[in-house]
Structure formats: structure tokens, C-alpha cells
Amino acid sequence: MSYFSYIYKNGKLLYKINKPFKFFRGNKTPSHYVYDSNNKIIGSIMKNGFKPPAKLSFKNSNFECYLVGLGDKGIKFVIFNSDKNIQIALIELGIKIYDNKAKYELFAENENYMEIAIISNLFYDFIRFDFRNNSVSKGVTITKVYTKNKAFLSKYNPSFKENILGRQDNQK
């Protein structure tokens, strides 16, 4: 049994992603599938329990998603195109979550990669920060995550966000 999250653009359904009620740790088969508006599977997400990275296959391309915790600076989800070995997107989550509502900021090299960032964001929200079973209450939750693994820390490029924002400013 599973339920779905939906991604819309301008009121039109683009994709839906299933979330099984049971997530099997250690399972090396995809636990989440990405469907297009015609209900055809066009991608999958595979994760070995909580061990990084998550692997996303989408429209014949492969991606890896790394969670990098920087303590007071929040959590960074770094997304790489595995086929080209380049970073394509960054998702940021601050340390404060208000009323069980996480606020993410997404940055991507282009609109196609933004779709990858959105799908990856939903996936990580499913497995790491799912408040589905909690009652919504007023208040602030502070979560600090620290990544000590140097290989994962090296995936985070602190200037990626500034480079994206700088290009957007130059296009105006």
C-alpha cells in the first residue's frame, strides 16, 4: 500500500511520486517511483536504508543525492548528475522548522534540473522529515545535523548557490 505526492506546474500535473507505507532498510530495489501524467513510470529512487547517497534514475539519466549537515548553517542536499559527474542542484533547509512545516530553498542549473531538485526534495522529506504521523502544533523545532564524512562534505560547494543567483541577476 502507498500514497502519492503530486508535482504540478501552472495547474497541470507533471509527476507523482509514490511513498510506500513501509520503507525497508537495506532493500536495494527502488522504493519510490516517479510517474508522468499518463501514469507511466519514468524514474525511480533507490536508497540503501539511510546510507547516502540516494540514487535517482529519471528520464534516462542518473543522479546522486547527498545530505550534508553543517550544524548552525542547516542542511544541504547536494544533487549530482552521475553520468556527467557535475553538481546540478542544491536544496537548503534551515535548522528551524515552524509548526511542523519545513521550508526549503532550491537552486538548480536549469529548469530541467529544477525538476530533479523537486523530486529529490520530496524524497528526502519523505524519509527524513516526515511529520505525517505527528499532530500539527504551534512551535519551533530546532534540528542540527553534522556531517563528519569528508567525502560527503567535499560534495558541498558553498559557492554553487551564489553562482546560480549571480547568473539570474545578470539575466535581468
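Values for this structure:
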read-out	value
Long-range neighbours under 7 Å by Cβ, at least six apart or interchain, first residue closer than 22 Å to LYS96 by Cβ within segment 141-165, second among the charged types (D, E, K, R)	ILE142/LYS96; LYS144/ASP72; TYR156/LYS76
Members of segment 63-117 found to be more than 20 Å from GLU162 (Cβ to Cβ) and either within 12 Å of the chain's Cα centre (by Cα) or of a type in the set (A, V, I, L, M) (or both), listed by number	PHE63, GLU64, CYS65, LEU67, ILE95, ILE97, ALA102, GLU115, ILE116
Residue that is modelled with the lowest pLDDT, among those in segment 1-55 that are more than 29 Å from ALA151 (Cβ to Cβ) and aromatic (Phe, Trp, Tyr)	PHE21
Any hit, segment 80-93, residues being among the aromatic types (Phe, Trp, Tyr), modelled with pLDDT under 90 and surrounded by 15 or more Cβ atoms within 10 Å (Cβ to Cβ)	no
Enumeration of residues in segment 114-172 that are modelled with pLDDT of 75 or more and over 25 Å from PHE63 (Cα atoms)	LYS138, GLY139, VAL140, THR141, ILE142, THR143, LYS144
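The values are calculated or read from the model by the stated rules, or taken from the named source; none is laboratory data. Quick caveat, the model's predicted, so the values are computed rather than measured. Note that we place each Cβ from the backbone using ideal geometry, even for glycine, and neighbour counts take in every protein chain shown.
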